[in-house]
Amino acid sequence: MTTFTDLQLIEPLLKALSEEKYEHPTPIQVRAIPQLLDGRDVLGCAQTGTGKTAAFALPILQLMAEHSRKSGRRPIRALVLSPTRELAAQIGESFAAYGRHMHLRHLVVFGGVKQHSQVRSLARGVDILVATPGRMLDLQGQGHIDLGSVEFFVLDEADRMLDMGFVHDIRKVLKMLPRTRQNLLFSATMPQTIVELASAFLDRPVRVEVDPQASTVEAIAQRVMFTEKSNKKHLLANLIKALDMDRALVFTRTKHGANRLVKQLERVEITAAAIHGNKSQNARTRALNGFRQGTIRILVATDLASRGIDVEGISHVFNYDLPHPAENYVHRIGRTGRAGAQGVAISLCEPGDGGYLRAIEKLIGMDIPVVSKHHYHCEAAIPPPLQHRQSQAKPRAHSRSPRKRRAGHNRRGRPQSGR
Ligand code: AMP
């Protein structure tokens, strides 16, 4: 098995990694780190939870330490753009952790908070800037940020950036960067728009991929339960009370839905907190800290706010509302079952949402096992099978041991309960 020493990392990084208790590099780290140390541009196809942050942070730190700057005020040498504040904060924490034995300064800037302290830190000089695009451009426009010395440019979660409408901001930033630099682009999915964006600024990139679909299928026990819309809250409350869970992340489609669900859960004495874009940064940080520390076991989130939530020990993910587009399913359930731990993902499907379920099954290449033995089961919510499978003899909606379309994913023998 590859070790971090095999990857030719320098001593201060090895020391920090051992303090972090990382024993072996993850597959994306094994593949990306040597290429990046070699100075190549990298196009990484990986989702959060694969160890992708270390895959780019470690080589950047190393290369920066090996080619130290001239004396004087520190120019920004690495720029990492991230779609959300939470993810930016986590990337910043990673740089701090891995670089703790180095003399490099990093700073995280994002909107929603006063800019005063960010401006002060920028004035003192930073080596690594982690930022959300809006605030970054804002500060740049005011003359607080100079990107003229950037040697490393990382675009993280690029697909999400485009979904959030950041494409123009990204293009603006690209124009401000020096011509000679090393580029990294990470994205969980690789739609055509990302491929086009990548070809606009990556120079003969090495493509590094870890298969999110396989990890989804392998490590996480997935279930779907069909129920009336009005019964979803009761079903969820029952599951929360009945299942043996450490921490659960519950996904709703809307911010309003998240708030409403928290109130409904509190009515049946389940403590929960909501995290979404309408909450203040302080409220989001408070909810996330409570969740990390275990005082809040249930966090209700929308897709956007959930990006970058990296909390260990999430035993269950509930899709209170089915995700749309289907790719979000992979992001959502990837929050559990990390680092080899078994996670459970339960989706509630109401009448009318069956199309979303089938789209997910098509994407992940398997049928999600159905749990129908429960109080709130609703037959009418079960969608017809996918068109191209109608010729198959056996309808599978009620199947207790659903057939997998791919070999090697047979979960028969697993109990058909929520856990
Ligand atoms: P990421 O995909 O970058 O969000 O990382 C997911 C989680 O995995 C983070 O909590 C990291 O601290 C952790 N992690 C990253 N690399 C390793 C490793 N080689 N060994 C153990 N944990 C890791």
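The values are calculated or read from the model by the stated rules, or taken from the named source; none is laboratory data. Predicted model only: the values in this text are computed from it and were never measured. Reconstructed Cβ throughout: ideal geometry from the backbone, glycine too, with neighbour counts over all protein chains shown. For the accessible areas, the whole protein counts, side chains as well, though only heavy atoms, and no ligand, DNA or RNA atoms are used. Shrake-Rupley method; radii C 1.70, N 1.55, O 1.52, S 1.80 Å.
Please go through the stretch 50-76 and pick out each residue that is open to solvent by less than 10 Å² (accessible area, probe 1.4 Å) and out of contact with any Lys or Arg (no Cβ under 7 Å at 6 or more places or on another chain).
Lys52, Ala54, Ala55, Phe56, Ala57, Leu58, Pro59, Ile60, Leu61, Gln62
Among the numbered criteria (1) at pLDDT 85 or above; (2) crowded, with 19+ Cβ neighbours inside 10 Å, which single criterion is violated by Arg286?
Going through (1) at pLDDT 85 or above; (2) crowded, with 19+ Cβ neighbours inside 10 Å one by one, Arg286 breaks only (2).
Regarding the stretch 344-354, can at least one residue be identified that is open to solvent by less than 50 Å² (accessible area, probe 1.4 Å), assigned by TED's automatic domain parsing to the domain that holds Phe318, within 16 Å of the ligand (Cβ to nearest atom) and part of a strand (DSSP E or B)?
no
Is it fair to say Leu7 is in contact (Cβ under 8 Å) with a residue 12 or more places away in the chain, within 12 Å of the ligand (Cβ to nearest atom) and either over 21 Å from the mean Cα position of the chain (by Cα) or open to solvent by 60 Å² or more (accessible area, probe 1.4 Å) (or both)?
On the way: in contact (Cβ under 8 Å) with a residue 12 or more places away in the chain: yes; within 12 Å of the ligand (Cβ to nearest atom): yes; either over 21 Å from the mean Cα position of the chain (by Cα) or open to solvent by 60 Å² or more (accessible area, probe 1.4 Å) (or both): yes.
Here the answer is yes, as Leu7 does meet what is asked.
For Lys15, state whether it is away from the ligand (no atom under 11 Å from the Cβ), open to solvent by 20 Å² or more (accessible area, probe 1.4 Å) and either outside any helix (DSSP H, G or I) or under 28 Å from Gln281 (Cα atoms) (or both). Break it down stepwise before answering.
On the way: away from the ligand (no atom under 11 Å from the Cβ): yes; open to solvent by 20 Å² or more (accessible area, probe 1.4 Å): yes; either outside any helix (DSSP H, G or I) or under 28 Å from Gln281 (Cα atoms) (or both): no.
So Lys15 does not fit the description; no.
Would you mention how many residues in the stretch 30-49 are within 13 Å of the ligand (Cβ to nearest atom) and open to solvent by 30 Å² or more (accessible area, probe 1.4 Å)? It would help to see each step written out before you state the result.
Going through the stretch 30-49, the residues within 13 Å of the ligand (Cβ to nearest atom) turn out to be 30-33, 44-49.
Okay, now just the ones that are also open to solvent by 30 Å² or more (accessible area, probe 1.4 Å), so 30-31, 49.
Looking only at that region, the number is 3.
Of all residues being touching a Leu at 6+ places or on another chain (Cβ under 8 Å) and outside any loop (DSSP other than H, G, I, E, B) in the stretch 83-101, which is surrounded by the most Cβ atoms within 10 Å (Cβ to Cβ)? Just the residue, please.
Among residues in the stretch 83-101 that are touching a Leu at 6+ places or on another chain (Cβ under 8 Å) and outside any loop (DSSP other than H, G, I, E, B), the one surrounded by the most Cβ atoms within 10 Å (Cβ to Cβ) is Phe95.
Would you point out the residue of the stretch 105-131, among those that are hydrophobic (A, V, I, L, M, F, W, C) and open to solvent by 40 Å² or more (accessible area, probe 1.4 Å), that is farthest from Ile275 (Cα to Cα)? Reasoning before the result, please.
Keep residues of the stretch 105-131 that are hydrophobic (A, V, I, L, M, F, W, C), which gives 107-110, 113, 119, 122-123, 126, 128-131.
Then keep just the ones that are open to solvent by 40 Å² or more (accessible area, probe 1.4 Å); that gives 113, 123.
Details: Val113: 16, Ala123: 32 Å.
Only one residue tops the list, namely Ala123.
Could you grab me the full set of residues in the stretch 18-39 that are in a loop (DSSP other than H, G, I, E, B), under 14 Å from Phe56 (Cβ atoms) and under 24 Å from the mean Cα position of the chain (by Cα)?
Answer for the stretch 18-39, where residues must be in a loop (DSSP other than H, G, I, E, B), under 14 Å from Phe56 (Cβ atoms) and under 24 Å from the mean Cα position of the chain (by Cα): Pro25, Thr26.
When you scan the stretch 136-147, do you find a residue that is open to solvent by less than 50 Å² (accessible area, probe 1.4 Å), in the same structural domain as Ser187 (by TED's automatic domain parsing) and among the small types (Gly, Ala, Ser), even just one? Quick ask: steps written out before the conclusion?
Of all residues in the stretch 136-147, those open to solvent by less than 50 Å² (accessible area, probe 1.4 Å) come to 136-137, 139, 145, 147.
Among the residues that remain, those that are also in the same structural domain as Ser187 (by TED's automatic domain parsing) are: 136-137, 139, 145, 147.
From what is left, the residues that are among the small types (Gly, Ala, Ser) are none.
Looking through the stretch 136-147, none of the residues is open to solvent by less than 50 Å² (accessible area, probe 1.4 Å), in the same structural domain as Ser187 (by TED's automatic domain parsing) and among the small types (Gly, Ala, Ser).
Need pairs with beta-carbon distance below 8 Å; first residue in the same structural domain as Tyr98 (by TED's automatic domain parsing) and within the stretch 44-56, second within 6 Å of the ligand (Cβ to nearest atom) and open to solvent by 20 Å² or more (accessible area, probe 1.4 Å); sequence gap 6+ or separate chains.
If the second residue must be within 6 Å of the ligand (Cβ to nearest atom) and open to solvent by 20 Å² or more (accessible area, probe 1.4 Å), the pairs left are Thr48/Asp310; Gly49/Asp310; Thr50/Thr26; Gly51/Thr26; Ala54/Tyr22; Ala54/Thr26; Ala55/Thr26.
Is there a residue being within 16 Å of the ligand (Cβ to nearest atom) and assigned by TED's automatic domain parsing to the domain that holds Arg179 anywhere in the stretch 116-126? Even if it seems obvious, please write down each step before you answer.
Narrowing the stretch 116-126 to residues within 16 Å of the ligand (Cβ to nearest atom): none.
Within the stretch 116-126 (the criterion being within 16 Å of the ligand (Cβ to nearest atom) and assigned by TED's automatic domain parsing to the domain that holds Arg179), the answer is no, since none of the residues qualifies.
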